[in-house]
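K.L.:
To start, I am sharing the structure in question, which I have written as structure tokens.
The values are calculated or read from the model by the stated rules, or taken from the named source; none is laboratory data. In this text, all values refer to a predicted model and were calculated from it rather than measured experimentally. No Cβ is skipped: glycine too gets one built from the backbone with ideal geometry, and neighbour counts run over all protein chains shown.
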Amino acid sequence: MTVVPYKDKQDPKKAQVAEMFNNISPKYDLLNHVLSLGIDIIWRKKAVKVLKNDHPKLILDIATGTGDFAIEALALNPDKIIGVDISEGMLSEGQKKMIKKGLQDKIEMHLGDSEGLQFEDNKFDAVIVSFGVRNFENLEKGLADMYRVLKPGGKTVILEFSKPRAFPMKQAYSFYSNTILPQVGKIVSKDNSAYTYLPESVEAFPDGEDFLAVLKKVGFHSTVCKPLTFGISSIYVGQK
Ligand SMILES: C[S@@+](CC[C@H](N)C(=O)[O-])C[C@H]1O[C@@H](n2cnc3c(N)ncnc32)[C@H](O)[C@@H]1O
């Protein structure tokens, strides 16, 4: 994996998000799999399968972090995947993983902001994001830029946490995410706020039809929402 440096950290709020992910980056993969009981791996596989008949050759993985969604997207046999993230720490953990797996030629990583992508219009066959859009400072701006760099006819596939609505999953999930998850997250990551931020950000984030409405607003059509595991997370698809 090549890390292409990109220097633009004028925005203090974004610098704060980058800092939070820098702090948890050494423990990010471990915590992800422990806190989701490994289900996150299955969710990423399902999300990638949405594109199996599209045969995308050039894929952009937004908020790529340590690169797990990019690695999963290799199943689509693309020529190249470009990952973008604002956290150097997450990218550097990803880089170690890619070198270990010998994937550095297929996956190129850029330090950059998803709300100001440094790519020309209509460049990518597919644009994907897992657990990233919730962190955008301006959701509409981020989604609009994803739309801009996507080729006409190309698809975006977005995997994100959502809120289970039905009893008893709604209550069980609320208990888990507001009590167990912040405690375990704090102990393992040694970061006091990152894992209280997670349930708070999920609660405040538009999901289901509300999220599809934002996708449509920025120009996507044929939008679909597929809830996963009682609605704990969802796959959103839109086409340009
Ligand atoms: C929860 S992690 C998800 C990482 C990876 N996609 C995965 O599935 O494991 C969220 C990532 O979004 C990145 N991020 C947050 N805001 C961003 C922005 N404005 N532009 C690019 N990346 C951003 C963070 O640095 C972090 O690596």
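K.L.:
Is it true that some residue in the stretch 212-231 is within 16 Å of the ligand (Cβ to nearest atom), over 19 Å from Gly142 (Cβ atoms) and without any contact (Cβ under 8 Å) to a residue 40 or more places away in the chain?
P.N.:
No - not one qualifying residue is present in the stretch 212-231.
K.L.:
Out of Glu209, Glu140, Glu200, report the one residue that is farther than 26 Å from Ile71 by Cβ, charged (D, E, K, R) and either buried (at least 17 other Cβ atoms within 10 Å of the Cβ) or touching a Lys or Arg at 6+ places or on another chain (Cβ under 7 Å) (or both).
P.N.:
Numbers: Glu209 fails: either buried (at least 17 other Cβ atoms within 10 Å of the Cβ) or touching a Lys or Arg at 6+ places or on another chain (Cβ under 7 Å) (or both); Glu200 fails: either buried (at least 17 other Cβ atoms within 10 Å of the Cβ) or touching a Lys or Arg at 6+ places or on another chain (Cβ under 7 Å) (or both).
Glu140 is the lone residue from the list that is farther than 26 Å from Ile71 by Cβ, charged (D, E, K, R) and either buried (at least 17 other Cβ atoms within 10 Å of the Cβ) or touching a Lys or Arg at 6+ places or on another chain (Cβ under 7 Å) (or both).
K.L.:
Is it true that Val48 is hydrophobic (A, V, I, L, M, F, W, C), closer than 15 Å to Ile158 by Cβ and within 9 Å of the ligand (Cβ to nearest atom)? So that I can check it myself, show each step before the final result.
P.N.:
Values: hydrophobic (A, V, I, L, M, F, W, C): yes; closer than 15 Å to Ile158 by Cβ: yes; within 9 Å of the ligand (Cβ to nearest atom): no.
In short, no.
K.L.:
Take Lys57 and decide whether it is farther than 23 Å from Asp113 by Cα and either modelled with pLDDT of 95 or more or within 10 Å of the ligand (Cβ to nearest atom) (or both). So that I can check it myself, show each step before the final result.
P.N.:
Values: farther than 23 Å from Asp113 by Cα: no; either modelled with pLDDT of 95 or more or within 10 Å of the ligand (Cβ to nearest atom) (or both): yes.
Answer is no for this residue.
K.L.:
Please verify whether the stretch 3-15 includes one or more residues that are under 18 Å from Leu159 (Cβ atoms) and assigned to a helix (DSSP H, G or I). Can you show your working first?
P.N.:
Start the filter on the stretch 3-15 by keeping residues that are under 18 Å from Leu159 (Cβ atoms), which leaves none.
No - not one qualifying residue is present in the stretch 3-15.
K.L.:
A further question on this structure: Mind checking which strands (runs of 3 or more DSSP E) fall wholly inside the stretch 62-135 and carry at least 1 residues that are near the ligand (Cβ under 8 Å from one of its atoms) and not basic (Lys, Arg)? So that I can check it myself, show each step before the final result.
P.N.:
Working: elements: 80-85, 107-111, 124-130.
Output list reads 80-85, 124-130.
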